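> A single structure is presented below for examination.
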Amino acid sequence: MISNFFLIISWVFLIFGVIGLFRFQSIYLKILVAAKIDTVAFFSIILALVFRIGLQWETLKLLVILLFFLITNPLNSQFIGRSALINGIPLKAKENPSTDYRAEKES
Amino acid sequence: MIDFTIFLLLLAIGVISIKFIFSPTIWERILALNLISGKTVLLLLLIGLQRDNFFFLDIALTFSIVGFLAVTLITRFLMEGGRQK
């Protein structure tokens, strides 16, 4: 029962992550989506599996995978953002329809 | 429930693969690669639970290590200037 609840939470966050990857135009907003929403989906699916298989030795292995992912996914996001910033992608894009729609509507 | 989660993960991998192929800059492609590697680990875990075969957990741990090394090394290579240096 609890594992089904965590699986439903993971569905919502998976769908939001894919929509956000197509909705945003700047790369830094996409990195935000990848860093936060995908981590929540990973966390909830592994918690669902832990509640489903009970207390065994494999539970420890699942928690090791979760700990490894929680350490390395922010590192990957930080490396990608730093690499894009050093190589000259601007922080604020001029032609950005996802954040400029209010100015277009007023004018 | 687990079957629908596997279906949703496969759909997400397919949609992100479109983003991986048709992206303008290389950093968006690496970002899509990062997402695909994370979802592949989840897919291996769910398939291992569905078939009651816990050896899939070791394969998932190996996949997570390989994905982390791939993204880190490619971004460090691009941070130095890439092939144009």
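No lab work stands behind these numbers, since they all come straight from the coordinates. Computed from a predicted model, the values in this text were never measured in an experiment. We place every Cβ from the backbone using ideal geometry, glycine too, and count neighbours over all the protein chains shown.
> For peptide B:15-24, compute the average count of partner chain beta-carbon atoms within 10 Å of each residue's beta-carbon. Write down the numbers at each step before the final one.
Details: counts 4, 4, 0, 1, 4, 0, 0, 0, 2, 1.
Average per residue, whole number: 2.
> What pairs in A:Lys36/B:Lys39; A:Lys92/B:Lys39; A:Lys30/B:Lys19; A:Lys36/A:Lys61 have C-alpha atoms more than 20 Å from each other? Can you show the working numbers first?
On the way: A:Lys36/B:Lys39 14 Å; A:Lys92/B:Lys39 30 Å; A:Lys30/B:Lys19 12 Å; A:Lys36/A:Lys61 23 Å.
The pairs that break the limit, which is 20 Å between Cα atoms, are A:Lys92/B:Lys39; A:Lys36/A:Lys61.
> Take A:Ile53 and B:Arg76, extend 7 Å from each Cα along the Cα→Cβ direction, and tell me the distance between the two endpoints in nm.
Result: 3.1 nm between the two label points.
> Please arrange B:Met79, B:Met1, A:Met1 by counting, for each residue, the other beta carbons lying within 10 Å of its beta carbon, fewest first.
So the residues, fewest neighbours to most, are A:Met1, B:Met1, B:Met79.
> Would the range B:2-84 count as rounded, prolate or oblate if I go by the C-alpha gyration tensor, calling it rounded below 1.5 in a/c and otherwise prolate when a/b exceeds b/c, oblate otherwise?
Oblate.
> Under 8 Å for C-alpha pairs, at least 6 residues apart: give me the relative contact order for chain B, rounded to a whole percent. Kindly include the intermediate steps, with their values, before the conclusion.
Numbers: 52 pairs, mean separation 21.4, N = 85.
Reported relative contact order: 25 percent.
> Once both labels are modelled 7 Å past Cα along the beta-carbon direction, what's the A:Ser26-B:Phe55 spacing in nm?
It works out to 4.9 nm between the two label points.
> Could you work out the relative contact order of chain A, using alpha carbon pairs under 8 angstrom and six or more residues apart, expressed as a whole percent?
So the answer I get is 33 percent.
> Using Stokes-Einstein with the Kirkwood hydrodynamic radius over Cα pairs, what translational diffusion coefficient do you get for the protein assembly as shown at 25 °C and a viscosity of 0.890 mPa s, in µm²/s rounded to a whole number?
139
> Turning to a different aspect of this structure: In angstroms, what radius of gyration and Dmax does the range A:19-76 have, counting Cα atoms only?
Every Cα atom of the range A:19-76 included, Rg and Dmax give 14.2, 45 Å.
> Here's a follow-up. For each of A:Phe51, A:Phe69, count neighbouring Cβ atoms within 10 Å of the residue's Cβ, then give the residues from fewest to most.
Working: A:Phe51 16, A:Phe69 23.
By the 10 Å Cβ count, ascending: A:Phe51, A:Phe69.
> How big is D for chain A, in µm² s⁻¹ as a whole number, if Stokes-Einstein is applied with the Kirkwood radius of its Cα pairs at 10 °C and 1.306 mPa s?
Values: Rh = 16.1 Å.
This corresponds to a translational diffusion coefficient of 99 µm²/s.
> Using only Cα atoms, locate the centre of the range B:14-49 and the centre of the range A:8-63, then give the distance between them in Å, rounded to an integer.
13
> For chain A, take the longest principal axis of its alpha carbons; what is the angle in degrees between that and the long axis of helix A:27-53, to the nearest 10 within 0 to 90?
10
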